[in-house]
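The values are calculated or read from the model by the stated rules, or taken from the named source; none is laboratory data. Model, not experiment: these values are computed from the prediction. No Cβ is skipped: glycine too gets one built from the backbone with ideal geometry, and neighbour counts run over all protein chains shown. Accessible surface is based on the protein model in full, side chains and every heavy atom, while ligands, DNA and RNA are left aside. Shrake-Rupley method; radii C 1.70, N 1.55, O 1.52, S 1.80 Å.
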Amino acid sequence: MRIPAGHLKNIPTPFYFYDMELLSHTLSVISEATKDTPDFHVHYAIKANANPKILKAIAEAGFGADCVSGGEIKAAVAAGFPAGKIVFAGVGKNDDEIRLGLEIGISCFNVESLPELEVISQLAVHAGKTANVALRINPNVDAHTHEKITTGLNENKFGIAMEDTLTAIDRAKELPNINYTGLHFHIGSQITDLTVYRHLCQRINNLQEQLEEKEITTSSINVGGGLGIDYENPQDHPIPDFKNYFHLFRSHLQLRTGQTLHFELGRSVVAQCGSLIAKVLYVKKGHSKQFLILDAGFTELIRPAMYQAYHQIENINRPASNPSEHYDVVGPICESSDIFGKEVFLPVSERGDLIALHSAGAYGEIMSSTYNCRSLPKSYFSSDFE
Ligand SMILES: *Cc1c(COP(=O)(O)O)cnc(C)c1O
């Protein structure tokens, strides 16, 4: 992504900077890759980044929204996503959130447990509405990703076990004001090994056959999100290989006539268009190492502390060809986990230099906190500087 260092130098740090051209290019690559399959519907997973300008750009490109809270449903509606394209997942939907979904007429509740199904039915009866329901099934597919972002294995807080699918569908069909529409899956995040999705397709194909034997009609299949991005080398791979990703489902998933296929992509849509920009406060020379102490910490970007995630770090004021040294790049928060990178090889840096943490558009700004009574970061957009 392109960072206009000159324009950014007078803006108080830390802040998020979004390359809106890259976002728009990413959205058009997705639209292009799905345009020949009108039964494919892409919902953007709001939880990756709910910045209003980002949401607006995605809504305008015609995407649906995948929400995991009432607050996200409100943010989606405010940004212009039509209710008929909103799906609502989450293991702990509260009564107010369910009522909100019913009231605005979202397209589908992705239901994660039997007790939740009962409550949606009761609230729907009370509201005089019918809830479209997809059941989130745990397909027991290992996503081959970080344990904290794997969700598709058995005995997980998420979803309904594969062997309980029929019982759950039967119950959904019995309950008043519930319309069983489909099956939902989401097996994890930052998935870079596409064979994982092939396994998912096989599981879904088998399950569909079992359901057909019982003459159960399923009108929608939702395969969730999780497509990974290249954190190591964002400059060379600013846009994930969406063409291959969608092609995989086209060739391996046996959709029935009239069935729609839904995707819930978060990270792969927004991660590469955002960077966190921080300033070097101090260069602290220790005895065996030296530290770059930034004015941003895990309060602005928690992924390194929470998932040991890697973000490429760049000194945007000094060319990479300058003489370089190793630095531990750390934040100001009073926790020893507040480290962005160890032994990072960077051009010799000084107090006041701007540092970019790349690939931070997903699960960055949205996860920021006020811990240590800090202010939430502001955001700026490439379109502000044109
Ligand atoms: C988080 C989440 C997504 C999006 O995941 P990404 O890895 O960001 O694509 C999609 N669906 C559900 C149910 C989720 O919880």
Here the net charge surrounding GLY226, from other residues whose Cβ is less than 10 Å away from its Cβ (Lys, Arg +1; Asp, Glu -1), is 0
Residues with amide H under 5 Å from that of VAL344, placed H, sequence gap 5 or more:
TYR327, ASP328, VAL329
Once the Cβ-Cβ distance between LYS53 and SER28 is put in as r, and R0 is 25 Å, what FRET efficiency do you end up with, to the nearest 0.05?
0.90
For the chain, what does the accessible surface come to per residue with a 1.4 Å probe? Please give it in Å².
44 Å²
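If you stretched the chain out fully between GLU21 and SER375, how much longer would it get, using 0.36 nm times the residue separation minus the C-alpha to C-alpha distance?
Extra length available between GLU21 and SER375 comes to 124.7 nm.
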Determine the relative contact order of the range 261-309: mean sequence separation of Cα pairs under 8 Å and six or more apart, normalised by residue count, in whole percent.
24 percent
Between the Cα axis of helix 195-213 and the main Cα principal axis of the chain, the angle (0 to 90°, nearest 10) is 10 degrees
In deg cm²/dmol, rounded to the nearest 500, the helical mean residue ellipticity at 222 nm of the chain, built from -39500 (n - 2.57) for every DSSP H run of length 4 or more, is -8500 deg cm²/dmol
Of all beta bridges DSSP finds with both residues in the chain, what is the antiparallel percent, to the nearest 5?
40 percent
Can you work out the Karplus-derived ³J(HN,Hα) for every residue in the range 157-171? Use 6.51 cos²θ - 1.76 cosθ + 1.60 with θ = phi - 60°, whole Hz, and x for glycine or proline.
5, 8, x, 10, 4, 3, 6, 9, 4, 5, 4, 5, 5, 4, 5
In nm, what is the difference between 0.36 nm times the number of residues separating CYS334 and GLN202 and their Cα-Cα distance?
42.8 nm
Between helix 20-34 and the chain, what is the angle of the helix's C-alpha long axis to the longest principal axis, kept within 0 to 90° and rounded to the nearest 10?
30 degrees
Computing the accessible area with a 1.4 Å probe over protein heavy atoms, can you report the carbon and sulfur percentage for the chain?
50 percent
Once amide H atoms are placed 1.01 Å from N in the peptide plane, what residues at a sequence separation of 5 or more from PHE381, or on another chain, have their amide H within under 5 Å of its amide H?
TYR18
Report, to the nearest 10°, how far helix 70-79 tilts away from the longest principal axis of the Cα atoms in the chain, using its own Cα long axis and a range of 0 to 90°.
80 degrees
The FRET efficiency for LYS289 and MET162, from their Cβ-Cβ distance with R0 = 45 Å and rounded to 0.05, is 0.35
Note down the nm distance, to one decimal, between modelled labels 7 Å out along Cα→Cβ at LYS74 and at GLU60.
2.5 nm
Excluding same-chain residues fewer than 8 positions from LYS47, which aspartates and glutamates have a Cα within less than 17 Å of its Cα?
ASP66, GLU72, GLU97, GLU264, GLU300, GLU365
Once phi is turned into θ = phi - 60°, what whole-Hz ³J(HN,Hα) does the Karplus curve with 6.51, -1.76 and 1.60 give for every residue of the range 108-114, x standing for Gly and Pro?
6, 9, 8, 8, 10, 7, 5
ASP96-LYS35 FRET efficiency (beta carbon distance; Förster radius 30 Å; 0.05 resolution):
0.20
Pairs to check: LYS285/LYS342; LYS74/LYS129; LYS173/LYS214; LYS35/LYS74. Give those whose C-alpha atoms are more than 21 Å from each other in this structure.
LYS35/LYS74
